[in-house]
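Peer 1: Structure in structure tokens, see below.
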Amino acid sequence: MLIFDHLGLSVADVDRAREQFDPIMRALGFDRFDRENDVSWSRDGEPEFILLPAREPDSGPHVHGRVGWQHLAFEVGSRAEVDRLHAIATDAGWTVVRDPKLYPRFTDRYYASFVEDDNGIRLEFMNNPPRSAE
């Protein structure tokens, strides 16, 4: 049984957020479901990801580092996949926070990039393969 069933985020403009999130979520193998006031993506074995209209539409964008959302990291199978998702995100209008690179402060294998959408929502694409047997 999953501990996390779904993740819901409030956004200022659901249509614009759909434009920014959809290419990434589909590249990760999620299917999109449009409803009257929100949009969600799901994939077998993963929590549902939902974007909802903010109750206070002029209350954003979120500012990284303040109380609340920090970031969501998507672990992928290779550095090339990190690079690919980073390119998909920037093509969809995400702002680059950090280009793909190694993060040796985490591990000598940790490779990641960070992007942020119009709502200040930050995503990380990361690859941290197990240490090879020596």
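Peer 1: Among the numbered criteria (1) out of contact with any helix residue (DSSP H, G or I) (no Cβ under 7 Å at 6 or more places or on another chain); (2) farther than 20 Å from A27 by Cα, which single criterion is violated by N119?
Peer 2: For N119, the exception is condition (1).
Peer 1: Specify the residue that is most open to solvent (accessible area, probe 1.4 Å); the eligible residues are those in the range 15-28 that are within 19 Å of V115 (Cβ to Cβ) and free of Cβ contacts under 8 Å to residues at least 40 places away in the same chain.
Peer 2: Checked the range 15-28; the qualifying residue most open to solvent (accessible area, probe 1.4 Å) is R26.
Peer 1: Those residues that are in contact (Cβ under 8 Å) with a residue 40 or more places away in the chain, in a loop (DSSP other than H, G, I, E, B) and either open to solvent by less than 80 Å² (accessible area, probe 1.4 Å) or touching a Ser or Thr at 6+ places or on another chain (Cβ under 8 Å) (or both), I need them from the range 62-75; list them, please.
Peer 2: H62, V63, H64, W69, H71
Peer 1: Another one. Return yes or no: is D83 open to solvent by 40 Å² or more (accessible area, probe 1.4 Å), closer than 17 Å to V14 by Cβ and of a type outside the set (A, V, I, L, M, F, W, C)?
Peer 2: Criteria not met by D83.
Peer 1: Do we have I24 as in contact with a helix residue (DSSP H, G or I) (Cβ under 6 Å, 6 or more places away or on another chain) and within 23 Å of V82 (Cα to Cα) here?
Peer 2: On the way: in contact with a helix residue (DSSP H, G or I) (Cβ under 6 Å, 6 or more places away or on another chain): yes; within 23 Å of V82 (Cα to Cα): yes.
Against the criterion (in contact with a helix residue (DSSP H, G or I) (Cβ under 6 Å, 6 or more places away or on another chain) and within 23 Å of V82 (Cα to Cα)), I24 qualifies.
Peer 1: Also, I was wondering about something else. Could you list all residues from the range 31-58 that are part of a loop (DSSP other than H, G, I, E, B) and either open to solvent by 80 Å² or more (accessible area, probe 1.4 Å) or in contact with a Ser or Thr (Cβ under 6 Å, 6 or more places away or on another chain) (or both)?
Peer 2: Passing the criteria: R35, E36, N37, R43, D44, A54, R55, E56, D58.
The values are calculated or read from the model by the stated rules, or taken from the named source; none is laboratory data. All values derive from a computational prediction rather than experimental measurement. Cβ sites come from the backbone with ideal geometry, for glycine too, and all protein chains shown count toward neighbours. Heads up: the accessible areas ignore ligands, DNA and RNA and are worked out on the full protein's heavy atoms, side chains in. Shrake-Rupley method; radii C 1.70, N 1.55, O 1.52, S 1.80 Å.
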